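The structure appears below as structure tokens.
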Amino acid sequence: MAPNGVELQQLSGWLAIALLVFFYGGTFIMTLGIGKKKENADGYMTAGNKIGFGISAASMTATWIWASSMYASATSGYTYGVSGPIHYGLWGALMILFIYPFGKRIRKVAPRAHTLAEVMYARHGRASQLMLAGSNIVGSLISVTSNFIAGGALIGMLTPFTFQQGILAVAAGTLLYSLWSGFRASVMTDFAQVLAMLGAVVIIIPVVFFAAGGTDMFAQGAANVTPQQGSFFSSDAFMNQGAPYIAAVLAYAIGNQTIAQRLFAVREDLIKKTFVTATVGYGATIIGIGMLGVMALYLGITPTGGDVNNLIPQMAATYLGPVLLCLFMIMVIGALSSTADADLCALSSIMMADIYGQNVAKRGKANPKTMLLVGRITMVVATGAGLFFASGQMNILDLLVFVGALWGCLVFPVIASFYWSKVTNAAFVTAVITALAVFIPVRFSWIPVDGLWGLIVDVISIAGIGVVIGLMSFGFFGGRVARIAGIIAAVVAAPFAFGQLHEYAVLSGSLVAYAVSTGVCFLMSARSRMDFDFSTIQDKVGDFDPAEPAVPDATAAR
Amino acid sequence: MEPIFLTLYVLMWPVIVAGTLFVITRAFLREWLEARREKRHLV
């Protein structure tokens, strides 16, 4: 076993520079092959809506695996024991799986869209569009910042360079290859990044396992583990880690433009295959990385500086030799870069399509060249903003929880808007604002959540459980099964949840957001006389570039 | 919990990841070759 306080090995400065040049230089060279003499705004956002299974599955997997998810899974394993990584990785993976039935419907009504917010504009109008776009922008900025911080921390720990130099290197490297070709560069480089990340997991987990003592580690380290940590059915792990994530499954998928962008980019008949593969790829990778935290727990390792985010680099620096340590660094740099470039592309698409295309220039009058300029300026500004926030090392996880709840307020109104012709713009906006107004005091305990108010929160949260299960079922099985599943879930949960749920602020806050937005949206829409014709959406949302004759490109596919 | 069971639990994930990586890589290579044959861009 590795003793605590052991000197961690570092890579030399020149080796670290060589690795960064190899990684970012290699990805940049990959993108040179996809440059086009005649640039195309739609290609910059969605690559023409027809990418294949291999590249889209790689891209979905690489994008969803971000450096923070690796760190968080290991933290969960270290904190909650053997079930911790499952309660992080499984639900995170299901975010991808549960969105695909809705994705198929969204593609059907808006086959050539670029962003989800753009479709909301066609369905409802500006207020709904800007609410969704605004939440997407905040979420992507947080994600960019988080990935820069992870890169800075990694470089600061494994090399002689500082945190600040680290964030500057990953920001410059990511911008370098994303700026010119946008989404096409992002998905193209995702394949190389997924190859590095998944390949590293296949090698590193077994190597660390055997270097740390193999099976003996569990026999000798059993004393370091509490009964809850040693159980696969830990209620601590479920209530504090798993349940809030189950509640967030649909919220993160709906609120994340990086998923929507890939949904609009993949060939329509490959959506299911792509999303199922990415679910398995993400789940196994992140749960696998979480095993480093479980092993650290059994080994009795204390995180450097008391910061659990140091666990993964610490385990790598303790048990891996120089060559595998380089591979480890490439794995984390790949994870953070693939997500950061996807977020830069998401931000640029929102600014191009939603802000410039729909609100500044108006459809039909948008100049594709100006759109491309808007997209590139957005990437540069977003990188600068990410660097600014990352330098202050803000506590972004709190922000992420907040944005997650904002997305929770949007889930029912967004989904219902694609299926139910009676949903109005007023119902959408009122539902989201009301849910947010109730969520914030519950989540941040502005009013003490106890006594009668605590019980009221419990009742609303139980309704929220029904909504979450109902919506999950609806995507796969339709309305009838969803209503039955939702009611059964709420009834079964009620005896356990009533009087208890309000003590879990993160979980009850999210459930309240779901329940209130659903209730308000349903009641207002049920009374409306609107009968929206979904077939009109594809006329309002489409390509910005003029159609080109299909001429094969002789220089392509090198 | 039995150490042998925990060992299998830890080592099963890299195996699943390897399987997924194989599926993605095989599909990518097929698409790349097809794009080359048809003389068009992959993305």
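Taken together, the values in this text are just the output of simple stated rules run on the coordinates, not laboratory data. For clarity, every value in this text was computed on a predicted model and none was experimentally measured. Quick reminder, even Gly has a Cβ in these numbers, built from the backbone with ideal geometry, and neighbours come from all protein chains shown.
Can you grab the distance from the C-alpha centre of segment A:445-513 to the C-alpha centre of segment A:158-228, Å, no decimals?
36 Å
Need one number: nm distance between label points at residue A:437 and residue A:176, each 7 Å from Cα along Cα→Cβ, rounded to one decimal.
Result: 5.1 nm between the two label points.
Determine, for A:326, A:345, the number of other Cβ atoms within 10 Å of each Cβ, and report the residues in order from fewest to most.
A:326, A:345
With +1 assigned to the C-beta of every Lys and Arg and -1 to the C-beta of every Asp and Glu, and no other charges, what is the dipole magnitude of segment A:17-107 about the Cα centre in debye, to the nearest 20?
Rounded to the nearest 20 debye, it is 420 debye.
Would you mind giving the mean number of other chain beta-carbons within 10 Å of the Cβ of each residue in A:181-192, as a whole number?
Mean shielding by partner chains, rounded to a whole number: 2.
For segment A:310-383, what is the Kirkwood estimate of the hydrodynamic radius, computed as the reciprocal of the mean inverse distance between distinct Cα atoms, to one decimal in Å?
14.7 Å
How large is the translational diffusion coefficient of chain A in µm² per second when you combine the Kirkwood radius over alpha carbon pairs with Stokes-Einstein at 10 °C and 1.306 mPa s?
Answer, rounded: 66 µm²/s.
What percentages, rounded to whole numbers, describe P(r) for segment A:69-138 computed over all alpha carbon pairs with 10 Å bin width beginning at zero?
18, 29, 25, 21, 6
Rounded to the nearest 500, what is the protein assembly as shown's calculated 222 nm mean residue ellipticity when only DSSP H runs of at least 4 contribute -39500 (n - 2.57) each, over all residues?
Dividing the helical sum by the residues of the protein assembly as shown leaves -24500 deg cm²/dmol.
Calculate how large, on average over all directions, the projected area of the Cα convex hull of segment A:70-191 is; give the answer in nm² to one decimal.
Dividing the Cα hull surface by four gives the mean projection, 10.4 nm².
Please report, for the Cα atoms of segment A:176-285, the Rg to one decimal and the Dmax as a whole number; what are they, in angstrom?
Gyration radius and largest Cα-Cα distance of segment A:176-285: 19.3, 55 Å.
Between segment A:19-82 and segment A:330-356, how far is it from one alpha carbon centroid to the other, in angstrom?
After rounding, the separation between the Cα centres reads 9 Å.
Just in chain B: which GluC sites (Glu not before Pro) are loop by DSSP and have at most 12 other Cβ atoms within 10 Å?
Here the sparse-neighbourhood loop sites are B:38.
So how strong a dipole does segment A:287-388 carry about its Cα centre when Lys and Arg Cβ are +1 and Asp and Glu Cβ are -1, to the nearest 20 debye?
So the magnitude is around 620 debye.
Greater than 31 Å separation of Cα atoms is the criterion. Which listed pairs, A:273/A:365; A:365/B:39; A:273/A:369; A:273/A:540, meet it?
Over 31 Å Cα-Cα: A:273/A:365; A:365/B:39; A:273/A:369.
Regarding segment A:438-558, what's the average projected area of the Cα-atom convex hull, expressed in nm²?
Orientation-averaged projected area of the Cα hull: 14.1 nm².
Classify segment A:266-375: rounded, prolate or oblate, from the alpha-carbon gyration tensor (a ≥ b ≥ c, eigenvalue square roots; a/c under 1.5 rounded; otherwise prolate if a/b is larger than b/c)?
Prolate shape, in that a/c is at least 1.5 and a/b is the bigger ratio.
Can you give me the Rg/Rh ratio for segment A:355-510, using Cα atoms for both radii and the Kirkwood formula for Rh?
1.08
Which part of segment A:220-260 falls in the paramagnetic zone of residue A:534, meaning amide N under 18 Å from the point 7 Å along Cα-to-beta-carbon?
Answer for segment A:220-260: A:254.
Amide H neighbours of residue B:41 under 5 Å, at least 5 residues apart or on other chains, H built in the peptide plane: list them.
Hits under the 5 Å cutoff: A:553, A:557.
Just counting partner chain Cβ atoms within 10 Å, what average do the residues of peptide A:279-287 show around their Cβ?
5
Hey, rough spin-label estimate for residue B:8 and residue A:391, points 7 angstrom out along Cα→Cβ, what's it come to in nanometres?
5.4 nm
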